[in-house]
1. Along the range 126-137, what does the Karplus equation 6.51 cos²θ - 1.76 cosθ + 1.60 (θ = phi - 60°) give for ³J(HN,Hα), rounded to whole Hz, x for Gly and Pro?
2. Percent of Cα-Cα pairs more than 23 Å apart in the range 1-159, please.
3. Any idea of the accessible area per residue across the chain, 1.4 Å probe, to the nearest Å²?
4. Measuring from label point to label point, each 7 Å out along Cα→Cβ, what is the Glu142 to Gln4 span in nm?
5. At q = 0.17 Å⁻¹, what base-10 log of I(q)/I(0) does the Debye formula yield for the range 119-166 when every alpha carbon is treated as an equal point scatterer in vacuo?
6. Could you give the nm distance between label points at Ala96 and His129, where each point is 7 Å from its Cα heading toward the beta carbon?
7. Simple spin-label model, 7 Å along Cα-to-Cβ: Val105 to Gln12 in nm?
8. Using θ = phi - 60° and the Karplus form 6.51 cos²θ - 1.76 cosθ + 1.60, what ³J(HN,Hα) does each residue of the range 81-96 get, whole Hz, x for Gly and Pro?
Amino acid sequence: MTDQAQASDQAQLFRDAMASFPSGVTIVTTTDEDGRWWGFTATSFCSVSMDPPLVLVCLAGGAECHPVFGRAQRWIVHVIHPEHAELALRFATRGADKFADAGFVADERGLPVLPRACVTLDCTTYARHPGGDHTILLGRVENTRVGEELPAVYFRRRFHLLDSAR
């Protein structure tokens with residue numbers, strides 16, 4: 001086996017391994033300087049610190065919205081429930097009209113909010129770090145809202161329900 005073929009096999013095995021780790025699904029939104037809404041889907045999301053309250057989310061360097069999030073000082077993380085699975089796929093698709101008939105409303109700062117998200121975290125940018133082909137966005141959580149819905153779980157490239165988590 002050539003080195004290139006072995007590297008390709010290892011890259012596919014790594015993708016498969018990461019797909020075998022169940023995670024929640026988030027949609028992250030912000031606005032640009034002109035008030036235009038931007039967003040992306042992320043499964044790379046976690047808490048970082050309780051004091052101060054920090055979360056991280058990872059954004060692909062090639063994403064259309066990357067330059068906007070590179071400048072944004074405020075953004076919102078939405079933990080979605082299974083009803084929003086199609087929306088999460090749309091927000092992961094390059095060139096899609098992400099906000100069309102999606103149910104987002106503007107908050108008091110004009111940022112897009114998904115009212116029925118399981119969890120909504122209003123963040124201010126704390127730091128940005130390079131992470132390979134992604135940027136790690138660290139956000140300080142300024143406001144938290146928790147709903148009643150159970151979140152979607154993404155596992156092996158499919159959405160799943162949490163049946164017994166209540």
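The values are calculated or read from the model by the stated rules, or taken from the named source; none is laboratory data. Given the structure is predicted, the values throughout are model-derived calculations rather than measurements. Reconstructed Cβ throughout: ideal geometry from the backbone, glycine too, with neighbour counts over all protein chains shown. For the accessible areas, the whole protein counts, side chains as well, though only heavy atoms, and no ligand, DNA or RNA atoms are used. Shrake-Rupley method; radii C 1.70, N 1.55, O 1.52, S 1.80 Å.
1. Result, rounded to whole Hz: 9, 6, 10, 9, x, x, x, 8, 10, 10, 8, 9.
2. On the way: 4725 of 12561 pairs.
When all Cα pairs of the range 1-159 are counted, 38 percent exceed 23 Å.
3. Details: 9600 Å² over 166 residues.
Ligands and nucleic acids excluded, the figure is 58 Å² per residue.
4. It is 5.0 nm.
5. Here log10 of I(q) over I(0) equals -0.80.
6. Going by the 7 Å Cα→Cβ label model, 2.9 nm.
7. Label-label distance for Val105 and Gln12, simple model: 4.8 nm.
8. Calculated HN-Hα couplings, in order: 10, x, 4, 9, 4, 5, 5, 4, 5, 4, 6, 9, 9, 5, x, 6 Hz.
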